[in-house]
Amino acid sequence: PVERVSWHDVAQYANALSDEAGLEHCYSCTSGVCESAMNPYDCAGYRLATEAEWEYAARAGTDLLYAGSNSVGDVAWYRDNSSSPHPVATKEPNAWGLYDMSGNIWEWTHDWYSSTYYSSSPGSDPVGSDGLDHLDGLGPYRVFRGGDWSHTAGYTRVASRVMNIPGYRNYW
């Protein structure tokens, strides 16, 4: 798993993949700081999944608590069974064969965080908050999902969402 990367780092990597494939950039990056260049659904290049896309992939057509099981230990590395990151695919996959969507390392999503977005978001292709509703005046924040090896099982639930500044990097 890749750790200690910021949202900006991941956006720059997505642009590099787009360059390699001859596709448009989905992010505008200057001096290591990136912003979305357009609506994510309109970009043909590589990009981060939106929160809705991430949750859709993690759920894999099921309504399980964790990505692939109702038993966290089957699918996730988390505080009770780990003290460090593990190689990818060492737990069970979800129904679509995706590994580590619960636990191991948090995953950045495309979206800005808003605590109230889901109460007003469109039912189809939501693009997330515009990032203007700063939390306690400290934001704006980007969303990461999936939980990690150092937090409790609750954070690895498919519905769990956490946020931080886009420049944030950590070992989990």
Checklist outcome for this item: Once amide hydrogens are built 1.01 Å from N within the peptide plane, the residues lying 5 or more places from Met163 or on another chain with amide H under 5 Å from its amide H are Phe144
Checklist entry - Using alpha carbons only, how many degrees (0 to 90, rounded to 10) separate the axis of helix 7-21 from the longest principal axis of the chain? => result 70 degrees
Next on the checklist: Skipping prolines and chain starts, which residues have an amide H placed within reach, meaning under 5 Å, of the one on Asn170, given they are 5 or more residues away or on another chain?
Outcome noted: Arg4, Val5
Checklist outcome for this item: For the chain, the percent of accessible surface on carbon and sulfur atoms (probe 1.4 angstrom, ligands and nucleic acids excluded) is 52 percent
Item to check | Integer Hz, Karplus 6.51/-1.76/1.60 couplings in order for segment 67-84, x for Gly and Pro | outcome: 6, x, 6, 8, 10, 4, x, 5, 10, 9, 8, 8, 3, 6, 10, 7, 10, 6
Checklist entry - Expressed as a fraction of 2.2 N^0.38 Å, the rule-of-thumb size for a compact globular protein of N residues, what is the C-alpha radius of gyration of segment 1-81? => result 1.36
Next on the checklist: How would segment 59-103 be classified by its alpha-carbon gyration tensor: rounded, prolate or oblate, with rounded meaning a/c under 1.5 and the a/b versus b/c comparison settling the rest?
Outcome noted: oblate
Next on the checklist: With a 1.4 Å probe and all protein chains kept in place, how much accessible area does Thr116 have, in Å² rounded to the nearest 10?
Outcome noted: 80 Å²
Item to check | Helix-derived mean residue ellipticity, 222 nm - over the chain, DSSP H n ≥ 4, -39500 (n - 2.57), to 500 | outcome: -5000 deg cm²/dmol
Checklist entry - Which log10 I(q)/I(0) values, to two decimals, does the chain give at q = 0.11, 0.15, 0.19 Å⁻¹ under the Debye formula with one point per Cα? => result -0.46, -0.86, -1.31
Checklist entry - Alpha carbon centre of segment 82-103 versus segment 145-172: separation in Å? => result 14 Å
Checklist outcome for this item: The long-range amide H neighbours of Ala49, using H built 1.01 Å from N in the peptide plane and a cut-off of under 5 Å, are His110
Checklist entry - Once phi is turned into θ = phi - 60°, what whole-Hz ³J(HN,Hα) does the Karplus curve with 6.51, -1.76 and 1.60 give for every residue of segment 143-154, x standing for Gly and Pro? => result 9, 10, 10, x, x, 8, 5, 9, 10, 6, 4, x
Item to check | Estimated vicinal HN-Hα couplings, Hz - segment 115-123 in sequence order (Karplus 6.51, -1.76, 1.60; Gly, Pro = x) | outcome: 5, 10, 4, 5, 6, 10, 6, x, x
Checklist outcome for this item: So the FRET efficiency between Ala21 and Arg169, C-beta based with R0 = 22 Å and rounded to 0.05, is 0.25
Item to check | Simple Cβ-charge dipole of the chain, Lys/Arg +1 and Asp/Glu -1, about Cα centre, in debye nearest 20 | outcome: 440 debye
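The values are calculated or read from the model by the stated rules, or taken from the named source; none is laboratory data. Predicted model, so just to flag it, every value in this text is computed and none were measured. A quick note on method: Cβ atoms are made from the backbone with ideal geometry, for glycine too, and the neighbour counts reach across all protein chains shown. Each accessible area value is taken on the protein alone, full model and side chains, heavy atoms only, with ligands, DNA and RNA left out. Shrake-Rupley method; radii C 1.70, N 1.55, O 1.52, S 1.80 Å.
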